[in-house]
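Asks: What follows is a structure written as structure tokens; I'll ask about it next.
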Amino acid sequence: WTVGTGLVGAPACGDVMKLQLKIGKDGKIEDAVFKTFGCGSAIASSSFTTEWVKGKSMDEASKIQNSVIAQHLKLPPVKLHCSMLAEDAVKAAIKDYQSKQEGRAAASEEYKPEPASAAAQ
Amino acid sequence: MRVSLPRRGFLARLSRRWCSGTAVPRDCYAELDVPRAFAVDAAALRTTYRRLMAEHHPDRHTLGGEQEQQEAANRSARITHAYSTLVRPHRRAEHLLELLGAPLSDEAAGEVVLDDGFLAQVMEARFEIEDPDTSVARLGAMRESNSSAIDEVCDQLGAAFDSRDAGADLSEARLLTARLKYLQRIEEAVSERTDT
């Protein structure tokens, strides 16, 4: 397995959100964790999102919609951007995982295996 | 246009509220008659604030009629709001962006992309501040270096806003303002932990 890390920020409100996906060899999300410095809505959005993505394939997870998060949490209009941030975080984590995979694939073509520690980020 | 308003009862109270005006000035610089720039003279700003409050505070209008007192209250609220906006660099920068038509909250005005390195530093700092094992001495050191970082960003912001006169756009100013907000949050986080 390997971990994809998404680190996103919302400039308008100064929130910062870190979301990590533990992805199994079958491409499914085995576990997800978050850490958010921001308002309650931002924390709740990332918390809900980590629960929502568990067990889903990366493809399914990448289709997450901030409206689903907002509706579930009943976010007021002024906090909708928090759900957007959580959506961005998931997508960033998936992108990070994919680029790590690509890096590993490229490296393996050179007949020099990458050390396992690179995957344990 | 002057409208004749009822003096008593429900409609009177309602109309007073409608006509009482807003406490949020549209232009904080104009409210305090301060030149519109990022750099402000802090001492002059404070003097201006005190002078205006001495003139408009409701306590100076206790002999006036209800309308005069209401107007005094609104004016002083606007003056105080304008001062508290201009005296804080992060609020001043945000306000200036609003006045110049490129508010930070408006994505249509341009995407603000904070590089991963910066966000990672912010995250690390926030973790460290939150950690109960972090010593008071370490928090003090973090606060000081954060304060220097804030000063540096403010210098850059001054230059970024000034360069707009030479035709540059506001993208740099918006990016710097976003960074300033994050640094300010770090200051507030340390303050919450250390100040009683």
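Asks: Inside the stretch B:158-192, can you point out the residues that are within 20 Å of residue B:103 (Cβ to Cβ) and not in a helix (DSSP H, G or I)?
Replies: Scanning the stretch B:158-192 gives B:168, B:169, B:170.
Asks: Let me ask something else about it. Let me confirm something: among A:70, A:92, which residue is at pLDDT 95 or above, within 18 Å of residue B:119 (Cβ to Cβ), small (Gly, Ala, Ser) and not in a loop (DSSP other than H, G, I, E, B)?
Replies: Only one candidate qualifies: A:92.
Asks: Among the numbered criteria (1) more than 18 Å from residue B:27 (Cα to Cα); (2) surrounded by fewer than 16 Cβ atoms within 10 Å (Cβ to Cβ), which one does residue B:88 miss?
Replies: Just one mismatch for residue B:88, condition (1).
Asks: Collect the residues in the stretch A:73-89 that are part of a helix (DSSP H, G or I) and over 19 Å from residue A:11 (Cα atoms), keeping them in residue-number order. Full working, then the answer.
Replies: So in the stretch A:73-89, the residues part of a helix (DSSP H, G or I) come out as A:73, A:77-89.
The one that is part of a helix (DSSP H, G or I) and over 19 Å from residue A:11 (Cα atoms): A:73.
Asks: Can you name every residue in the stretch B:91-140 that is in a loop (DSSP other than H, G, I, E, B), touching a strand residue (DSSP E or B) at 6+ places or on another chain (Cβ under 8 Å) and surrounded by fewer than 15 Cβ atoms within 10 Å (Cβ to Cβ)?
Replies: Answer for the stretch B:91-140, where residues must be in a loop (DSSP other than H, G, I, E, B), touching a strand residue (DSSP E or B) at 6+ places or on another chain (Cβ under 8 Å) and surrounded by fewer than 15 Cβ atoms within 10 Å (Cβ to Cβ): there is none.
Asks: Anything in the stretch A:1-19 that is away from chain B (no Cβ under 12 Å) and either at pLDDT 95 or above or under 9 Å from the mean Cα position of the chain (by Cα) (or both)? List them, or say none.
Replies: A:3, A:4
Asks: Starting from the stretch B:81-108, keep only residues that are on the phi > 0 side of the Ramachandran plot, then list their pairs with residues that are among the aliphatic types (A, V, I, L, M) and in a loop (DSSP other than H, G, I, E, B) whose Cβ atoms are within a distance under 9 Å, requiring at least 6 positions of separation or different chains.
Replies: Short answer, once both residue conditions are applied: B:101/B:170.
Asks: Residue B:145 - would you say it is of a type in the set (Ser, Thr, Tyr) and either within 17 Å of residue B:118 (Cβ to Cβ) or in contact (Cβ under 8 Å) with a residue 12 or more places away in the chain (or both)? Write out each step before concluding.
Replies: Details: of a type in the set (Ser, Thr, Tyr): yes; either within 17 Å of residue B:118 (Cβ to Cβ) or in contact (Cβ under 8 Å) with a residue 12 or more places away in the chain (or both): yes.
So residue B:145 fits the description; yes.
Asks: Within the stretch B:151-183, how many residues turn out to be within 13 Å of another protein chain (Cβ to nearest Cβ) and surrounded by fewer than 19 Cβ atoms within 10 Å (Cβ to Cβ)?
Replies: 1
Asks: Residue B:34: hydrophobic (A, V, I, L, M, F, W, C), assigned to a loop (DSSP other than H, G, I, E, B) and away from every other protein chain (no Cβ under 12 Å), yes or no?
Replies: yes
Asks: Still on this structure, I have one more. May I ask you to verify whether residue A:77 is at pLDDT 90 or above, out of contact with any helix residue (DSSP H, G or I) (no Cβ under 6 Å at 6 or more places or on another chain) and surrounded by fewer than 10 Cβ atoms within 10 Å (Cβ to Cβ)?
Replies: Considered against the rule, which asks whether it is at pLDDT 90 or above, out of contact with any helix residue (DSSP H, G or I) (no Cβ under 6 Å at 6 or more places or on another chain) and surrounded by fewer than 10 Cβ atoms within 10 Å (Cβ to Cβ), residue A:77 comes out as yes.
Asks: Of all residues in the stretch B:106-130, count the ones that are more than 16 Å from residue A:16 (Cβ to Cβ) and either among the hydrophobic types (A, V, I, L, M, F, W, C) or over 25 Å from the mean Cα position of the chain (by Cα) (or both).
Replies: Of the residues in the stretch B:106-130, 2 are more than 16 Å from residue A:16 (Cβ to Cβ) and either among the hydrophobic types (A, V, I, L, M, F, W, C) or over 25 Å from the mean Cα position of the chain (by Cα) (or both).
Asks: Which ones in the stretch B:64-84 are surrounded by 20 or more Cβ atoms within 10 Å (Cβ to Cβ) and of a type in the set (Ser, Thr, Tyr)? Walk me through how you get there before you give the answer.
Replies: Here is the first cut: in the stretch B:64-84, the residues surrounded by 20 or more Cβ atoms within 10 Å (Cβ to Cβ) are B:75-76, B:78-79, B:82-83.
Of everything in the stretch B:64-84, those that are surrounded by 20 or more Cβ atoms within 10 Å (Cβ to Cβ) and of a type in the set (Ser, Thr, Tyr) turn out to be B:76, B:83.
Asks: Those residues that are away from chain B (no Cβ under 14 Å), under 11 Å from the mean Cα position of the chain (by Cα) and not in a helix (DSSP H, G or I), I need them from the stretch A:24-53; list them, please.
Replies: A:29, A:31, A:32
Asks: Right, next: Take the stretch B:106-122 and flag every residue that is at the interface with chain A (Cβ under 9 Å from one of its Cβ atoms) and under 17 Å from residue B:184 (Cα atoms).
Replies: B:114, B:118, B:119, B:120, B:122
The values are calculated or read from the model by the stated rules, or taken from the named source; none is laboratory data. Source: prediction; values computed, not measured. All Cβ positions, glycine included, derive from the backbone under ideal geometry; neighbour counts span all protein chains shown.
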